[in-house]
Amino acid sequence: MITIRATVESDLPHLVQWLMKGDILQWFPMLNQAEIEDNMRIWSAYSKLGASLTAELNKEPVGLALLYIQPYKKLAHQCLFAIVVAPSHRGQGIGTQLMQALMKHGKEKFHLEMLHLEVYEGNPAIALYQKLGFTEFGSQKRFIKEGPGLYRGKIMMQKHL
Amino acid sequence: MVDLDIRYTYVTDISYLKKWLDVQSMLHWFPMTTEKEVEDMVQSWMGMSRYGAALTATCEGIPCGMGVLFLMPYKKVAHHCAFMLLVDPHYQKQGVGTSLIKNLKHLAKTYFHLELIHIEIYEDNPILSLLLKLDFHEFGRQEGFVKEERLVLGRILLECDL
C-alpha cells in the first residue's frame, strides 16, 4: 500500500539514484551527477518549506513530487511542479496518487489556484497529465539540445485546482 | 530618439535599477511587489552582470536602461536563455529598448553562442509590439498567471532565433 508523506532530507539520495538510472535524465534538464546534485540543493530548500511529498511503499521511497512555490506575492497563487517516480515502480499508479496528493497539498497548504508543468516531447507522462485535466498552453521547439542540430521540445501544461 | 551608448553593466549601476523600480507603475510589468522582492531580483540581475551578461544603455554618460541575459546553469539547455529589460521611465519610447534588445541579441549570439533568447511579459505590456517587430514570436500564453489586487493577467512567452 502506498502512503504519501512530507519529504525528509534522507529521501533525496533515492531521488539522485533514480535520476542516474538508465535514460531517465532525457526527461530532465540535468545532464550529469554534478547537475543533479545542484538540482537536489534546490529541491532540498523547497522541501524545507513543506513543498515536497514522498510516496512510500514498504517504508521505502518510490516517488517524489515538488511544488516550486513562487517567491513573489503576485505569482503566489500558482506554481510549477516536478515529479519523479522510481524506475522500478513505474506503471503502478504511483504517479497518479502522488499527483493527486500534490494538488490537494498545494491547494490546502499554499492556497494554490493553478499548477503548471514543463514536460519534454515524447515523455509518456504526458498521457497522465492529460488524464488529470492538464491542458497545453505553450511549447518551445528547441528547448533541449541533445546533440549538434538535435533538439527536443518542451510542452507547458496547466490545471486550475 | 536619444544619442545612446551601450556598455557592459557595472556593479555601481545597481542604484539606477533600484531607482527605476521604485516607480510603482514600473513594478506592474514585473513580478515584484515588495522592497524585499525588488532587492532579490536586483541582486540576481547584478549576479549575471559578473558574467558579462548584462548591458547598460547610457545617455550622456548616465544610465537610462538595462538588459540582462539569465544564462542557464545546465549544459543541455545552455543554448538559450531568458532575458529582462528595464528602461528609465523618463526615457521610454525613445529607442532605448530597441537598442538594448539588439545589443543583447548580439551579445547572446557572438559571446555566449546562444541560439535563441526568450522573454516572459504580462499581457498588457506595450513592449509586445516592439518584440514582434524585432523578430520575436509567441510560443505560449498562460491565462491567470499574475494576480495584482483585483487585476488578473496572463503571461505571454516569446522567443527569437539568433
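The values are calculated or read from the model by the stated rules, or taken from the named source; none is laboratory data. As the structure is a prediction and not an experimental result, all values here were calculated from the model. Cβ atoms come from the backbone with ideal geometry, glycine included; neighbour counts cover every protein chain shown. Accessible surface areas use protein heavy atoms only, side chains included; no ligands, DNA or RNA. Shrake-Rupley method; radii C 1.70, N 1.55, O 1.52, S 1.80 Å.
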Need the failing condition index for B:HIS90 against (1) within 14 Å of another protein chain (Cβ to nearest Cβ); (2) surrounded by fewer than 17 Cβ atoms within 10 Å (Cβ to Cβ); (3) more than 15 Å from the chain's Cα centre (by Cα); (4) without any contact (Cβ under 8 Å) to a residue 40 or more places away in the chain, just the number.
(1)
Show the residue pairs meeting these rules: Cβ distance below 7 Å; 6+ apart or different chains; first residue within the range B:19-48 and within 20 Å of B:TYR122 (Cα to Cα); second residue of a type in the set (Phe, Trp, Tyr).
B:MET26/B:TRP20; B:TRP29/B:TYR122; B:PRO31/A:TYR72; B:MET32/A:TYR72; B:THR33/A:TYR72; B:GLU37/A:TYR72
Within the range A:55-69, residues being within 14 Å of another protein chain (Cβ to nearest Cβ) and crowded, with 17+ Cβ neighbours inside 10 Å number 1
Has the range B:117-127 got at least one residue that is within 27 Å of A:GLN33 (Cα to Cα) and touching a strand residue (DSSP E or B) at 6+ places or on another chain (Cβ under 8 Å)?
yes
Unique match (being of a type outside the set (Asp, Glu), under 13 Å from the mean Cα position of the chain (by Cα) and more than 18 Å from A:GLN158 (Cα to Cα)) among A:LEU15, A:LEU98, A:LEU80:
A:LEU15
Tabulated pairs, the range A:11-30, first within 14 Å of chain B (Cβ to nearest Cβ), second among the β-branched types (Val, Ile, Thr) and open to solvent by less than 10 Å² (accessible area, probe 1.4 Å), C-beta under 8 angstrom, 6+ apart or interchain
A:LEU19/A:ILE36; A:LEU19/A:VAL84; A:ILE24/A:VAL84; A:LEU25/A:ILE36; A:TRP27/A:VAL119; A:PRO29/A:ILE144; A:PRO29/B:VAL77; A:MET30/A:ILE36
Here's a check for you: in the range B:1-49, which residue that is in a loop (DSSP other than H, G, I, E, B) and modelled with pLDDT of 95 or more is most open to solvent (accessible area, probe 1.4 Å)?
B:TYR10
Among the residues of the range B:119-131, is there at least one that is more than 12 Å from chain A (Cβ to nearest Cβ), touching a Ser or Thr at 6+ places or on another chain (Cβ under 9 Å) and open to solvent by 20 Å² or more (accessible area, probe 1.4 Å)?
yes
Looking at the range B:134-162, which of the residues that are more than 10 Å from chain A (Cβ to nearest Cβ) and free of Cβ contacts under 8 Å to residues at least 24 places away in the same chain is nearest to A:GLN70 (Cα to Cα)?
B:ARG150
Residue that is free of Cβ contacts under 8 Å to residues at least 40 places away in the same chain, among the β-branched types (Val, Ile, Thr) and surrounded by 19 or more Cβ atoms within 10 Å (Cβ to Cβ), where the choices are A:ILE144, A:ILE126, A:ILE94, A:ILE155:
A:ILE155
